[in-house]
Amino acid sequence: MASAGPVCGPISSFSRVQILHLVQSRADRTIGELCEATGLHANTVREHLQRLIDGGYVIAQIERRATRGRPRTLYSAATGAPGASSPVAREKAKAAAVRGDIMRRIVPGAASDLGPAADNQLDALIEHLEESGFEPVVDGTRLTVELTPCPHAAARPEDRPVLCQVHLSLMQGVLAEAGGPLTASCVRGEQSECTVHLSDTRAQLVDAGGVTHGMA
């Protein structure tokens, strides 16, 4: 699980973090908009976008237009929602689930008490975090993922809030693409420390009278 090599993945470059922040804040971004907002050359933006598309974090769609002219390519964050789902992310989640299921069959007690769907979500999340240079430690009882020390915190401490918000959105997308009851609710980080807090939507079904129903 350790990452002995250099930090890689979608948030290893702050230029990619900037691009992700923009497409997460509003869908259907154009190359021109991203260049203007980041100050990056169009070719550089395209290279970063292609990496993010290949990783399953961004989707590209051709603009529908009724006027003359070449339709533009529009870029949005892959959130797992209808119309914003990445086939790459779905395939990565399926592959992670297969590997996780094999491990749980081999290793006694490896399965959590959260159920198969949640376990498969955690499989996808763990592989995403390892790809991003982290060494995640999951606590299925407390629903936390410990990421200390954060390999990205020291590089640009002034940009940590944006980095953490972008990464939270990425993790939410990974969990949504995998499908299941878990979502990432917040990231709590100070200096090099980082803890991700998960929520189980089955425990959040509150009726109009304020009664919270237990997990199914």
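The values are calculated or read from the model by the stated rules, or taken from the named source; none is laboratory data. This is a predicted model, so every value here is computed, not measured. We place every Cβ from the backbone using ideal geometry, glycine too, and count neighbours over all the protein chains shown.
Across region 144-164, what is the total count of residues that are surrounded by 15 or more Cβ atoms within 10 Å (Cβ to Cβ) and either more than 15 Å from Leu129 (Cα to Cα) or of a type in the set (Ser, Thr, Tyr) (or both)?
5
When region 183-203 is examined, which residues are found to be touching a Pro at 6+ places or on another chain (Cβ under 8 Å) and among the charged types (D, E, K, R)?
Within region 183-203, Glu193, Asp200, Arg202 qualify.
Working only within region 123-135, note down all residues that are surrounded by fewer than 19 Cβ atoms within 10 Å (Cβ to Cβ), out of contact with any Pro (no Cβ under 6 Å at 6 or more places or on another chain) and part of a loop (DSSP other than H, G, I, E, B).
Scanning region 123-135 gives a single hit, Glu135.
In region 51-81, which residues are surrounded by fewer than 11 Cβ atoms within 10 Å (Cβ to Cβ) and part of a strand (DSSP E or B)?
Selection gives Ile62 alone.
Is it fair to say Glu36 is at pLDDT below 95, loosely packed, with under 14 Cβ neighbours inside 10 Å and of a type in the set (Asp, Glu)?
No: the conditions fail for Glu36.
Listed here are the residues, each with its yes/no results for (1) in contact (Cβ under 8 Å) with a residue 40 or more places away in the chain; (2) at negative phi; (3) touching a helix residue (DSSP H, G or I) at 6+ places or on another chain (Cβ under 9 Å).
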{"residue": "Ile31", "(1), (2), (3)": "yes, yes, yes"}
{"residue": "Ala37", "(1), (2), (3)": "no, yes, yes"}
{"residue": "Glu47", "(1), (2), (3)": "no, yes, no"}
{"residue": "Gly56", "(1), (2), (3)": "yes, no, yes"}
{"residue": "Ile59", "(1), (2), (3)": "no, yes, yes"}
{"residue": "Arg64", "(1), (2), (3)": "no, yes, no"}
{"residue": "Gly80", "(1), (2), (3)": "yes, no, yes"}
{"residue": "Ser85", "(1), (2), (3)": "yes, yes, yes"}
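Which condition from (1) without any contact (Cβ under 8 Å) to a residue 40 or more places away in the chain; (2) surrounded by 15 or more Cβ atoms within 10 Å (Cβ to Cβ) is the one that Thr141 breaks?
(2)
Identify the residue in region 14-33 that is in a helix (DSSP H, G or I) and either farther than 21 Å from Ser132 by Cβ or polar (S, T, N, Q) (or both) and, among all such residues, is farthest from the chain's Cα centre (by Cα).
My answer is Gly32.
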